[in-house]
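Written below as structure tokens is the structure these notes are about.
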Amino acid sequence: MRTEKKQVHWRAHAVLIVVLVAMIYPMVWLVGASFKPENQIFSTMNPFPFAFTIANYINGWTATGNSFTVYLANSLTVSLCTVVANVASCSVAAYAFARLDFAFKRFWFAVMLGTMMLPFQATLIPQYTIFYQLNWINTFLPLVVPYLLATDAFFIFLMVQFIRGIPRELDEAAALDGAGHVRVFFSIILPLLRPALLTTTILTFIWTFNDFLRQLVYLSDHSRYTAPLGLNAFVDRASGSSYGGMLAMSVVTLVPTVAVFIVSQRRLVEGVATTGIK
């Protein structure tokens, strides 16, 4: 029996190792290829460079006509503004659904959840028309302002689940001292909501920083391009693509999101686990 268990144990580990290698190989190849000369990038499957060079990073930083610093700064600006807007609006909406009583609350809550099944492409044209009439095209406003209206149902639901786990006795005790809903929200709910707020902050930042389609639709000026659009600028279907610079800048673009995930992964898991979503 012990021999059979050991065999199963080693087989399971062997499968996990194979899966791990398959998952991390693209990342290792990307980093290695970014340090290869242009003519050696696709010459072999070996991810490690035979001739180490940083020319791809030097040339790629300004290969599109604009410094990649501009693209990174634009991405960080959009991401940080979106984080603030999303956290503020979703927390207020979640408090309303979890604590307040208003007409047709269950109906509106169901409608809100139903929007999670509505693909972005279904509302793309109507939204573009509205923003075009507001003269917001080629600005960051279409990427940030909608989040001020609590349009992200996933995070609202996440916070609602968390708030429902907070004892109502705390609200009632504050009400006896004369606190209204605003005081209860800022003094009691918001401090206890910290795990869910951190989860919303982390995921919103990562998703917004890596977003491509929405930014491609609304931004046309190269000076307003974000990092994903800057990477797309390396692709020239007419004269060929600068793969060395594109791979090098891809590594640079990955650094902020990977760093945020590594630093905050424990809090991210805790935030999701404490909302009741198993």
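Some observations on this one:
- Summed over the stretch 231-250, the residues that are small (Gly, Ala, Ser) and at pLDDT below 80 give a count of 5.
- Some residue of the stretch 149-157 being surrounded by 14 or more Cβ atoms within 10 Å (Cβ to Cβ), polar (S, T, N, Q) and modelled with pLDDT under 90: yes
- Count of residues meeting criterion [within 27 Å of Tyr25 (Cβ to Cβ), of a type in the set (A, V, I, L, M, F, W, C) and either modelled with pLDDT of 85 or more or surrounded by 14 or more Cβ atoms within 10 Å (Cβ to Cβ) (or both)] in the stretch 46-75: 7
- Being out of contact with any Cys (no Cβ under 9 Å at 6 or more places or on another chain), part of a helix (DSSP H, G or I) and surrounded by fewer than 16 Cβ atoms within 10 Å (Cβ to Cβ) holds for only one residue in Leu198, Leu170, and it is Leu170.
- Odd one out for Leu80 among (1) free of Cβ contacts under 8 Å to residues at least 60 places away in the same chain; (2) on the phi < 0 side of the Ramachandran plot; (3) not hydroxyl-bearing (Ser, Thr, Tyr): (1)
- Leading residue by the ranking (surrounded by the fewest Cβ atoms within 10 Å (Cβ to Cβ)) among those in the stretch 1-45 that are modelled with pLDDT of 80 or more and polar (S, T, N, Q): Asn39
The values are calculated or read from the model by the stated rules, or taken from the named source; none is laboratory data. Just so we're clear, the structure is a prediction, and the values are computed from it rather than from any experiment. With ideal geometry, Cβ positions are generated from the backbone for all residues, glycine too; neighbour counts draw on all protein chains shown.
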